[in-house]
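The values are calculated or read from the model by the stated rules, or taken from the named source; none is laboratory data. This is a predicted model, so every value here is computed, not measured. Don't worry about glycine lacking a Cβ; one is built from the backbone with ideal geometry, like all the others, and counts go over all protein chains shown. We work out accessible area using only protein heavy atoms, side chains counted, and drop any ligands, DNA or RNA first. Shrake-Rupley method; radii C 1.70, N 1.55, O 1.52, S 1.80 Å.
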Amino acid sequence: MRCWSPAPRRSRSAHWFGTDNLGRDVFSRVNVATRLDLAISVTAVALGFVIGSVLGAVAGYRGGWIDSVLGRVLDTIMAFPLFVLAMGIVAALGNSVANIICATAIINIPFYARLVRAEVNIRREAGFTLAAKLAGTSDTRVLAMHIFPNALPPMMVQVSLNLDWAILNAAGLSFIGL
């Protein structure tokens, strides 16, 4: 007759987060999911950063009707609850990682555009900008080489704030099945 013996105990260091009910290591599953979530958030924030920065810089530097139209479009985007807007975009475009990235980027654009617009408005009439214009530098070069680098520090703070929100957005959309 054979005696029953319990399964050998594994040390705690073998499974840091434990195992699920099928015996799979939870830490390795979290590690794999982290790669996808970080890829989604970094791509979406980078896309929103680039598009929002360009739109905000042009609106802030040129002003006039471009600034007015862009301001109204950004106000329209920000008028909706952002997660609900992301749900609507993903539901309309279809359920895919690319559409989640697109929706998250669209939601992030107003944050960067407004921030860059404000920074460009402040620096548009600064002494170093006027000196560059007097030296014959084109408006595009003044914006790209003199004004935009001075607007980067507050934008980097916004990037760090939006990265965590993008992860939460992707997780929320995944949770509800989108």
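Observations
- Unmet criterion (only one of (1) touching a residue at least 60 places away in the same chain (Cβ under 8 Å); (2) more than 30 Å from R124 (Cβ to Cβ); (3) of a type in the set (F, W, Y)) for F27: (1)
- Candidates G48, G56, G52, filtered to the one that is at pLDDT 80 or above, surrounded by 10 or more Cβ atoms within 10 Å (Cβ to Cβ) and in contact with a Lys or Arg (Cβ under 6 Å, 6 or more places away or on another chain): G56
- Some residue of the stretch 83-100 being among the aromatic types (F, W, Y), at pLDDT 90 or above and either part of a loop (DSSP other than H, G, I, E, B) or touching a Gly at 6+ places or on another chain (Cβ under 8 Å) (or both): yes
- Contact map, the stretch 137-158: first residue more than 16 Å from Y112 (Cα to Cα), second residue polar (S, T, N, Q), Cβ cut-off under 7 Å, separation 6 or more or different chains; pairs are V142/T129; H146/T129.
- Looking across the stretch 43-89 at every residue that is β-branched (V, I, T) and under 22 Å from H146 (Cα atoms), the one that is farthest from the chain's Cα centre (by Cα) is identified as I66.
- Test: A166 is of a type in the set (G, A, S) and open to solvent by 70 Å² or more (accessible area, probe 1.4 Å): no
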